[in-house]
Amino acid sequence: MIRVALVDDQPLFRGGIAMILESQPDVDVVAQESSALNLADLVKTASPDVILMDVRMPGIDGITATRQLIADFGAAAPKVLVLTTFDVDEAAARAIQAGASGFVLKDAQPEFLLASVRAVADGSQVVAASATRQLFERHGSRNADPGPEYDTLTAREREILVRAASGLSNAEIASAEFLSEATVKTHVSRILAKLSLRDRVQLVVYAYEHGLV
């Protein structure tokens, strides 16, 4: 079962999303909140795997809440999927920088929402790398060269990092690098661990911010 918590200040919207999620045999809505003020307590008591959170809320917005969640729980933090009204939104870009695993439009089809929740719970990427890159081209910022963590990557891992950040799937990377998909998956996992990144969305952010793509 995928344990999901909903954090949105619009009761009707929140209730509708809960109905969609609860209709699935593999999804359980374990908590609903109208604000992120008590998000840490929610995580401790409900233990969600995924938090669906509005990026714009009064009080504590979804960006601040995501950043605090990562600070409080580190690698044990639930995955965050932010809800936004706009497909290219500065707030969505900032939420991804803060540690969110992607974003979903509020007017998305139920099937896409469900697929996104399942993908995030599985540790996969929800937002296409090209879309993430587009966000940062418009709203992000490039920082200095990578730090010492980048030096821990092998030459092959650096190649795979750039290919993954450019939007290639594991199958496409495997074909380009003459490797098996299983080997590519192992390399990507090692890259994420060495760079202390949560998922492939964060990998795209890292590569863009440090001028690797």
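The values are calculated or read from the model by the stated rules, or taken from the named source; none is laboratory data. These numbers come from a predicted model, not from an experiment. Cβ atoms come from the backbone with ideal geometry, glycine included; neighbour counts cover every protein chain shown.
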* To do: Scan segment 7-15 and give yes if some residue there is under 29 Å from A193 (Cβ atoms) and surrounded by 14 or more Cβ atoms within 10 Å (Cβ to Cβ), otherwise no.
  => yes
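Residues checked against (1) outside the structural domain of V117 (by TED's automatic domain parsing); (2) out of contact with any Gly (no Cβ under 9 Å at 6 or more places or on another chain); (3) of a type in the set (A, V, I, L, M, F, W, C):
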site: V43; (1), (2), (3): no, yes, yes
site: A46; (1), (2), (3): no, yes, yes
site: R67; (1), (2), (3): no, no, no
site: D72; (1), (2), (3): no, yes, no
site: A77; (1), (2), (3): no, no, yes
* Does any residue in segment 24-45 that is in contact (Cβ under 8 Å) with a residue 24 or more places away in the chain come within less than 7 Å, Cβ to Cβ, of a residue that is among the charged types (D, E, K, R) and not in a helix (DSSP H, G or I) six or more places away or on a different chain, and which pairs are these? -> D28/R3; V30/R3; S34/D9; S35/D9; L42/E33
* **Those residues of segment 101-110 which are over 24 Å from S189 (Cβ atoms) and part of a loop (DSSP other than H, G, I, E, B), in sequence order** => K106, D107, A108, Q109
* Is there a residue being within 16 Å of L113 (Cβ to Cβ) and modelled with pLDDT of 90 or more anywhere in segment 35-47? -> no
* **When residues of segment 157-213 are limited to those that are polar (S, T, N, Q) and surrounded by fewer than 20 Cβ atoms within 10 Å (Cβ to Cβ), the one nearest to A95 (Cα to Cα)** => S196
* Long-range neighbours under 7 Å by Cβ, at least six apart or interchain, first residue of a type in the set (S, T, Y) within segment 65-78, second in a helix (DSSP H, G or I) -> T66/A95; T66/A98
* Going by the conditions given, is M19 over 19 Å from D199 (Cβ atoms) and modelled with pLDDT of 95 or more? -> yes
* Quick one: which residue in V127, V204 is modelled with pLDDT under 85, of a type outside the set (G, A, S) and touching a Ser or Thr at 6+ places or on another chain (Cβ under 6 Å)? => V204
* Asked: free of Cβ contacts under 8 Å to residues at least 60 places away in the same chain and either touching a Leu at 6+ places or on another chain (Cβ under 9 Å) or on the phi < 0 side of the Ramachandran plot (or both), is that true of L168?
  -> yes
* Asked: Only one residue in S35, S23 is farther than 19 Å from I2 by Cβ, out of contact with any strand residue (DSSP E or B) (no Cβ under 6 Å at 6 or more places or on another chain) and of a type in the set (S, T, Y). Which one?
  -> S35
* For segment 1-15, how many residues are within 17 Å of D122 (Cβ to Cβ) and either assigned to a loop (DSSP other than H, G, I, E, B) or touching a Cys at 6+ places or on another chain (Cβ under 7 Å) (or both)? -> 1
